[in-house]
Amino acid sequence: MLATTGFLDELFDKGLLIETGVDGIYGRSGLFEEIGDGFQNLVTRYAGTDNAEVVRFPPAMSRAVFERSGYMKSFPQLAGTIHCFHGDGAAHLDLMQTIEANGDWTKGQTASEVVLTPAACYPLYPTAAKRGPLPAEGRLYDLLSYCFRHEPSRDPARQQMFRMREFVRMGTPDQVTAFRADWLDRGQKLIAEIGLPFSVDVANDPFFGRTGKMLAVNQRDQRLKFELLIPIESEASPTACLSFNYHQDHFGKTFGLETAGPETAHTACVGFGHERVILALLKHHGTDVKAWPAAVRKALWG
Ligand code: ATP
Ligand code: ZN
Ligand code: MG
């Protein structure tokens, strides 16, 4: 038996999450989804009249784009690539025999042209660049996607497949930093409105290895990433439920994204952890949703 955490077991017992036999891969109940719908509507309300362009990608993306993004350089430990059977009849026979003998049949799989999406904004940059230089006011996108990260855990707030809502701003450095500052403020108001305790702190991404340590220190020094943290699994190490990222010209350079200038575009994104906010609500207000404070229910469902 795997070690269990109290909250995850409670979520299973109440049927809010459904076990699949793999840590971090869960089914969701109707009630869990209703809470999520309420949260997404609230986010949309806070986006107000920003007029973000809605785009939805599936949870898999082009391997070529993924390679270009540099993800394997920074986060090889989290990536999920899709391998498929590409063999002939003889290879299929071999495959069946290997499965029959409980052997490692996956050795015959080869990489496909797709990988799992690691963050909702990754498929966006090359498609945005294809539209040509940005208009003078830049662009703003509204994304929502399931994402994959190979970080199996018994912490229900650290799943392998989870949804991320994102607003992505592209433009001049002034435009994108103003966007991020604005959402840092809006995000706190939003979370306060649903009655959750939070703190905001500078953060870094889990860059891999020794050079990764330097990248993480640099990211913190330059205050490129902020997180809004809510205690879920642990009071001592609260969970990042919203994140506010300034990429400078990283994606602009990588994917040839230009401003009207024309100069290399800067980008920033604000990400909302869909499941994490639902779990924070369940943790702090309890699993009896009908008994939640009226103000919270009103914020979510009107
Ligand atoms: P953490 O530090 O907890 O690993 P992160 O820095 O990796 O979080 P981001 O890369 O900024 O998070 O992802 C954007 C948002 O997606 C986060 O703010 C969080 O709410 C959510 N998220 C990230 N990883 C997971 C996960 N494994 N399970 C559920 N939600 C996640
Ligand atoms: Zn992003
Ligand atoms: Mg992480």
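Quick notes
- Positive-end residue of L282, A268, T239, charge dipole of the stretch 237-295 with Cβ unit charges: L282
- Within-14-Å neighbourhood charge of R139 [Cβ basis; K, R +1; D, E -1]: -3
- The distance from the alpha carbon centre of the stretch 18-42 to that of the stretch 223-302 is 17 Å, rounded to a whole number.
- The chain, dipole about Cα centre (Lys/Arg Cβ +1, Asp/Glu Cβ -1), debye to the nearest 20: 580 debye
- Set of lysines near K189 by C-alpha distance (under 22 Å), chain-local residues within fewer than 8 positions excluded: K225, K283, K298
Read the figures in this text as sums done on the coordinates, not as results from a lab. Everything numeric here is computed off the predicted structure, so don't read it as measured data. Neighbour counts are summed over all protein chains in view; Cβ atoms, including those assigned to glycine, are modelled from backbone coordinates with ideal geometry.
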